[in-house]
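First the structure, in the form of structure tokens, and then the observations on it.
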Amino acid sequence: MLAKMVNSIDMDAIKTNKNNLDKLWEQLDGGSMRPARIMVNSLHPSEVARLLESLPHKKRSVLWELVDPEIEGDVLVEVSDEVRNGLLEGMRTEELIAAIEGMEVDNLADLLVDLPETLTQEVLQSLDKQDQERVTQVLAYDEESAGGLMNVDIVTVRPDVTLEVVCRYLRTVGEVSDATDSIYVVNREGKYIGSLYLSTILTNDPLNTVANVMQTDVLPISANTPSTQVVWEFENRDLLSAPVVDDESRMLGRITVDDVVDVIRDEAEHSLMGAAGLDEENDMFAPVVKSASRRALWLGINLCTAFLAAAVVDKFQTALTEIVLLAVLMPVVPSMGGVAGTQSLTIITRAMALGQINKDNAFGILRKEFMVGLLNGIGWAIVISFLTFLWLGDWKIGGIIGAAIVINMVVAALAGFSIPLILKRMKIDPALGSGVVLTTITDVIGYATFLGLGAAIYL
């Protein structure tokens, strides 16, 4: 559900971004700097970030000059890492300190992660003691964990106080963080014991105690929980926010649904770009040499795998020379295997991201993928063998390509299941290397089986 929502939001964001770009450059081309400034600063920081990412460096610098210092910090959090680094290079320390003033702790922590150590220390020293402690607390956790996602600016109350006291306390505080739907109930040791929805405070007798109306079924999330697991918790429990605790159940902070949406979007971009061996944080307008060097690695790896497939074909030169029909049909086998393998690979990668694969069900999933590959292999082998016979009039060629397709599609299905798991065990991101490895396997097995069977029967 959350993933579908994110896809819908992304399509709307693309249209909005294009319209904003068109309007902005109409104004700038006409020399209307003031209307352009007003327009830019009327946008949400995320929309300004998309505009910056959509522009080459010279125009990006012009746009950045139009952004008010009050929202610069929020914009820096929203842009990609490489674009952010480029903007930071042109900012003085005092400008950066002014930009981060008033930022939420979790956003500030995200920004500090990408700053040089010396600059990070200067920024931290500019904060008051309370904010320093809060930021340090968030930075202590991995960026891709619940602790790294959480906002420590929370409101806690004791279970023995009345709702009237809670209301007075909230009025004294004056304001709460955005997207606050509940406050949290803790004991004297600061350990989480329940959640108190704001709607509950408003609709119940003010003389009721917190203990009588709080929700104890809202389970906290451990600070060390991976961000992918956090997404799963939100989706399956239909959460708007969730408390975050340490190993001793002490209250640390909260995660809201907007943080989860960011994780989903980042994971989607990572999977898309990773399939091509690219980083989702790369700047689209990065220098040519820099972009070329980044892509060269995976092009080199692909070249090596292509030569491996070519070496297999070379072993059957005699067969290809004698039986020209084999060369005509040769691309069919690896192509069918590649599609079948990609289907398995996609399903398994998604299941891994959702935490659906474990040692108890892995063999059952492997068996299922084997049977799917075998069934599809047999079915399409019959179809392709029949079409080959009708086309070429040679039942031997039809039988050879049919057998090769069955073998390659079964191997492809098994490879699609195994590759991501093996890469993960080797601490290699499955999104980066799986496609290249799978292509190599389906090409090598496809050529070897088809040409090998052809040589064995005809020569």
Subject >> Yes/no for Thr318 being closer than 22 Å to Lys396 by Cβ, part of a helix (DSSP H, G or I), at pLDDT below 90 and out of contact with any strand residue (DSSP E or B) (no Cβ under 8 Å at 6 or more places or on another chain) >> reply: yes
**OP:** For Ser61, state whether it is under 22 Å from Arg265 (Cβ atoms), part of a helix (DSSP H, G or I) and among the hydroxyl-bearing types (Ser, Thr, Tyr).
**Re:** no
Subject >> In region 200-228, residue nearest to the chain's Cα centre (by Cα) [restricted to those that are outside any loop (DSSP other than H, G, I, E, B) and under 18 Å from Gln137 (Cα atoms)] >> reply: Ser227
**OP:** Kindly indicate whether any position in region 162-174 is modelled with pLDDT of 80 or more, assigned to a helix (DSSP H, G or I) and within 20 Å of Val230 (Cβ to Cβ).
**Re:** no
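Of everything in region 329-339, what is assigned to a helix (DSSP H, G or I), touching a Phe, Trp or Tyr at 6+ places or on another chain (Cβ under 9 Å) and aliphatic (A, V, I, L, M)? Give them in sequence order.
Kept after step one, since they are assigned to a helix (DSSP H, G or I), are these residues of region 329-339: 329, 332-339.
From the residues that got through so far, the ones that are touching a Phe, Trp or Tyr at 6+ places or on another chain (Cβ under 9 Å) too are 329, 332-334, 336.
If the condition is that a residue be assigned to a helix (DSSP H, G or I), touching a Phe, Trp or Tyr at 6+ places or on another chain (Cβ under 9 Å) and aliphatic (A, V, I, L, M), then Leu329, Val332, Val333, Met336 are the ones that fit.
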Original post:
What is the number of the single condition among (1) of a type in the set (D, E, K, R); (2) surrounded by fewer than 22 Cβ atoms within 10 Å (Cβ to Cβ); (3) part of a helix (DSSP H, G or I) that Lys427 does not meet?
Top reply: (3)
Original post:
Taking region 64-100 as the search range and keeping residues that are among the acidic types (Asp, Glu), within 23 Å of Leu127 (Cβ to Cβ) and part of a helix (DSSP H, G or I), which one is modelled with the lowest pLDDT?
Top reply: Asp81
Subject >> Candidates Thr136, Thr118 - the one that is touching a residue at least 12 places away in the same chain (Cβ under 8 Å), assigned to a helix (DSSP H, G or I) and of a type in the set (S, T, N, Q) >> reply: Thr136
Original post:
Out of all the residues in region 53-109, which are farther than 28 Å from Ala146 by Cα, among the hydroxyl-bearing types (Ser, Thr, Tyr) and surrounded by 14 or more Cβ atoms within 10 Å (Cβ to Cβ)?
Top reply: Ser54, Ser61
**OP:** Would you check which residues across region 180-229 are farther than 22 Å from Glu164 by Cβ and in contact with a helix residue (DSSP H, G or I) (Cβ under 6 Å, 6 or more places away or on another chain) and list them?
**Re:** Ile221, Ala223, Thr225, Ser227, Thr228
Original post:
Which one of these is surrounded by 13 or more Cβ atoms within 10 Å (Cβ to Cβ), closer than 20 Å to Asp74 by Cβ, of a type in the set (D, E, K, R) and out of contact with any Gly (no Cβ under 8 Å at 6 or more places or on another chain): Glu143, Glu175, Glu164?
Top reply: Glu143
**OP:** Kindly indicate whether Gly148 is of a type outside the set (A, V, I, L, M, F, W, C), crowded, with 16+ Cβ neighbours inside 10 Å, at pLDDT 80 or above and outside the structural domain of Leu63 (by TED's automatic domain parsing).
**Re:** yes
Original post:
Does Gln343 satisfy the criteria of being of a type outside the set (Phe, Trp, Tyr) and either in contact with a Phe, Trp or Tyr (Cβ under 8 Å, 6 or more places away or on another chain) or assigned to a loop (DSSP other than H, G, I, E, B) (or both)?
Top reply: no
Original post:
Pairs under 8 Å by beta carbon, first residue over 19 Å from Ser335 (Cβ atoms) in region 378-396, partner crowded, with 18+ Cβ neighbours inside 10 Å and aliphatic (A, V, I, L, M), six or more apart or different chains?
Top reply: Phe389/Ile397; Asp394/Leu325
Original post:
How many of the residues in region 418-436 are modelled with pLDDT of 85 or more and under 18 Å from Ser335 (Cα atoms)?
Top reply: 0
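The values are calculated or read from the model by the stated rules, or taken from the named source; none is laboratory data. Please read all numbers here as calculations on a predicted model, not as lab measurements. We place every Cβ from the backbone using ideal geometry, glycine too, and count neighbours over all the protein chains shown.
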